[in-house]
């Protein structure tokens, strides 16, 4: 198993957010992490990354416990992250953003290159010399994904991958995530668009009030109104 969370609890200061989150991701698998707003999805990702260290439970990656490891060490094990808000380097060009993070932390047999990122996101090739602060929201999201891939991750975490983007740009992002899946990239995705998630993720994990409450087929979750109303409707 590539990633495993076992009864993870975490929070911020004296405020608990996660109480018992458990799920697994196999190598090459895509899993959707879903739930209503404020239920702990982003905190779960931060717990995996060591940005919000678990107060109990365990996170293991490729069989190695992550407890006590600094975030940069977890990244060097082969965990990539595309955070909500993108956080690209605003004063570097698109090409510089990509080359600045080039590595192969996950020991991939076929690490990503800048030309391959440009093939994945043709818009970035057109904007190769533009600085990060000159990009549209959709272009910035593409760059954030490309930058994470340049680290050579075994697993990439996508937090709100299409939030706030125009429908045509969302479609481009989903198509590119589908191409990552064809390449065998393991992915954990937080997003609200269940129909699109069902096309790229085999399984879904639902979190409610900091606890895992349902796991199963993403297609079932997208098509079952009773489950949707119980855990996802506002």
Check residue 174 against each of (1) out of contact with any strand residue (DSSP E or B) (no Cβ under 9 Å at 6 or more places or on another chain); (2) modelled with pLDDT under 90 and name the one condition it does not meet. (2)
When residues of the range 70-88 are limited to those that are in contact with a strand residue (DSSP E or B) (Cβ under 9 Å, 6 or more places away or on another chain) and more than 15 Å from residue 151 (Cα to Cα), the one surrounded by the most Cβ atoms within 10 Å (Cβ to Cβ): 84
Any hit, the range 189-196, residues being buried (at least 23 other Cβ atoms within 10 Å of the Cβ), under 30 Å from residue 128 (Cβ atoms) and touching a strand residue (DSSP E or B) at 6+ places or on another chain (Cβ under 6 Å): yes
Could you identify the single residue in 59, 31 that is in a strand (DSSP E or B), crowded, with 21+ Cβ neighbours inside 10 Å and free of Cβ contacts under 8 Å to residues at least 60 places away in the same chain? 59
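So which of 46, 73 is assigned to a helix (DSSP H, G or I), more than 22 Å from residue 174 (Cβ to Cβ) and more than 14 Å from the chain's Cα centre (by Cα)? Even if it seems obvious, please write down each step before you answer.
Values: 46 fails: more than 14 Å from the chain's Cα centre (by Cα).
Just a single option satisfies the conditions, and that option is 73.
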Single condition residue 54 does not satisfy, out of (1) assigned to a helix (DSSP H, G or I); (2) touching a residue at least 12 places away in the same chain (Cβ under 8 Å); (3) within 28 Å of residue 11 (Cβ to Cβ): (1)
Kindly indicate whether any position in the range 118-132 is crowded, with 19+ Cβ neighbours inside 10 Å, within 18 Å of the chain's Cα centre (by Cα) and at pLDDT below 95. yes
Subset of the range 155-188 that is surrounded by fewer than 21 Cβ atoms within 10 Å (Cβ to Cβ) and in a loop (DSSP other than H, G, I, E, B) - its residue that is farthest from the chain's Cα centre (by Cα): 166
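The values are calculated or read from the model by the stated rules, or taken from the named source; none is laboratory data. This structure is a prediction, so every number in the text was calculated from the model and none was measured. Cβ sites come from the backbone with ideal geometry, for glycine too, and all protein chains shown count toward neighbours.
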